[in-house]
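Report on the following structure.
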Amino acid sequence: MKSRIKSLLESNRSFSFWILVILGIKLLLFAYFALQFSNFWEKEMLGNHLVVKTGDSYGYYAPAENAVTEGDYNSTCRMPGALPIYWTLRLCLNASHAEVGVIVIQFLISCISVFVLGLFAESVFKKKWIFPITILIYALSSFVSIWDHYLLSDSLSTSFSIFCVYFLKKYFDITSRISLLISSLFLIWAIFFRQIFLVFFPIVAIIILVLNWKSPKRWIVDGLLYILPFLLAVFFWSEYTKSISGKRILLTSPISECFSTYSPAYMSITSLLIDMGYGEPFWTEGSITQWIIRSKEEAPMPLVPQRHFNSQMNEDSLARLRSNYRNFLKAEGSIRDSLQTVILESTHRFANVYRQENAGSYYFLNKLRHLKIFVFPLRLDNLPGPAFSEMNFFQKGVKVFYLLLYTLVGSIGFILLLFSWGSFNGTQRLFMLFPAVLVFSLAVILGFVEQRYFVPVYPFLVVLIAYYIQRFFK
């Protein structure tokens, strides 16, 4: 019996065994979190006890529903990544049941992605134990699987990114152009959900170049094979956006033109705060962002280090900015427009001076702060349930376990990524560029440190953690 279990754990050929293991783990998690959402989430944000919605859900699925009922997607705010799945389901289901169908499909594709991630890990690091370890860690990780419940882009786009990189590795191993094309198609689908995956293209170009270094003609042909489907997809999408808006939009319209919450005034304030190293979303308790955007009027101003102030900006300036924004939210008509102009002018002035007079903070310290927030979490967002003090023993155990697992994969995984770079061989370096570039793009360049944005990074760091854990099984 013991030898049988060991042989199953060591072999990736037992597809049925591993799919059953993955389904068993993820079904238990799915049932637990579905119950937690049902009991502790806002009722108006739930559908049929399985579907969890947020404000962003409307942007992804209302246009898809419009395409079904009116024959026109009629939106430039979200690319139609969700449309093929939702439209197919709506052919035989009503809208409510189609939403449930999306969740079920997300869940099943997520299960498959766990298995594929294990194959990818074994292919890159060539260690027999890395396959089962990767599968077990990733299957147990609520940080990604929690998004299987949401009517959003995170679950499917992350699964498609795993498929994309797996097939790219197959191309690298056997120079199969079919695998290269499949990788391209999955990347296109991931991008049509979340545009951050555009950063994969330079890495893919490097991989194709390295593989075909001695054959420039093959490098050009393979590169075109990879990029042309994307260019065609974007061309047809931009033609459609021109037909409904009068202007060609390559990806999406600016968010300030799409959602009233994200007004130009709001966007200019958050841009300034990102420059200052405060990229946390406005619902983050105790943050300067929350204080300006959403806190109660009597809330005290959080401590802001003196290194952020300069000849144009001090504590009084931030207090005036907050006051102007609060008045802007209440105002209407020309008064609202005037207040927005004041906010835009002041934030633009503050940002320009900040970059000049606080250059050390802007170019270095603030980037490090964003990186620290992104990869060294002190909390675990999006897990449903009561306040920690009101949880029972089991709920507390689940939350603590997942925070520890997220910390292990996110924090330790990132440290290992940095300090193991020199020990990787050439192939491993190429494929570990994917998490490295995602982290650098999101946290350092864009300042997007909302915990949700770490989801596409997480599976690749699971692979790295599994690589080090497998050393104990030698």
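The values are calculated or read from the model by the stated rules, or taken from the named source; none is laboratory data. Owing to the predicted nature of the structure, the values given are computational and were not obtained by experimental measurement. Quick reminder, even Gly has a Cβ in these numbers, built from the backbone with ideal geometry, and neighbours come from all protein chains shown.
Set side by side, the residues Phe120, Phe163, Phe167, Phe143 differ, and just one is within 27 Å of Leu209 (Cβ to Cβ) and buried (at least 24 other Cβ atoms within 10 Å of the Cβ), which is Phe120. Within region 335-355, is even one residue crowded, with 19+ Cβ neighbours inside 10 Å and over 28 Å from Val444 (Cα atoms)? Looking for residues that are crowded, with 19+ Cβ neighbours inside 10 Å and over 28 Å from Val444 (Cα atoms), one finds at least one in region 335-355, hence yes. Filter region 279-306 down to the residues that are closer than 20 Å to Ser361 by Cβ and in contact (Cβ under 8 Å) with a residue 40 or more places away in the chain, then identify the one that is surrounded by the most Cβ atoms within 10 Å (Cβ to Cβ). Looking at the filtered set, the residue picked out is Gly279.
List every residue pair whose Cβ atoms sit under 6 Å apart, with the two residues 6 or more apart in sequence or on different chains, where the first one lies in region 369-391 and is loosely packed, with under 15 Cβ neighbours inside 10 Å and the second, anywhere, is small (Gly, Ala, Ser). The qualifying pairs are Phe376/Ser411. Inspection of region 61-72 finds a residue satisfying the criterion of being surrounded by fewer than 17 Cβ atoms within 10 Å (Cβ to Cβ), touching a residue at least 60 places away in the same chain (Cβ under 8 Å) and closer than 28 Å to Ser256 by Cβ. Checked against the criteria, Ile227 does not count as surrounded by 15 or more Cβ atoms within 10 Å (Cβ to Cβ), closer than 23 Å to Ile162 by Cβ and at pLDDT below 95.
A single member of Ile174, Ile191, Ile208 is at pLDDT below 95, crowded, with 22+ Cβ neighbours inside 10 Å and among the hydrophobic types (A, V, I, L, M, F, W, C), and it is Ile208. Looking across region 162-213, the residues that are under 23 Å from Leu83 (Cα atoms) and among the small types (Gly, Ala, Ser) come down to Ser183, Ser184, Ala190. Is there a residue being surrounded by 13 or more Cβ atoms within 10 Å (Cβ to Cβ), among the small types (Gly, Ala, Ser) and in a loop (DSSP other than H, G, I, E, B) anywhere in region 307-330? No. Here Asn12 meets each of (1) in contact with an Asp or Glu (Cβ under 8 Å, 6 or more places away or on another chain); (2) modelled with pLDDT of 85 or more; (3) not hydrophobic (A, V, I, L, M, F, W, C) with one exception, condition (2).
No other residue among Glu298, Glu315 is at pLDDT below 90, more than 17 Å from Ile373 (Cβ to Cβ) and more than 30 Å from the chain's Cα centre (by Cα) apart from Glu298. Within region 171-184, the set of residues being of a type in the set (D, E, K, R) and within 12 Å of Phe431 (Cβ to Cβ) comprises Asp173 only. Restricting attention to region 233-242, the residues being of a type in the set (Ser, Thr, Tyr) and touching a residue at least 24 places away in the same chain (Cβ under 8 Å) number 2.
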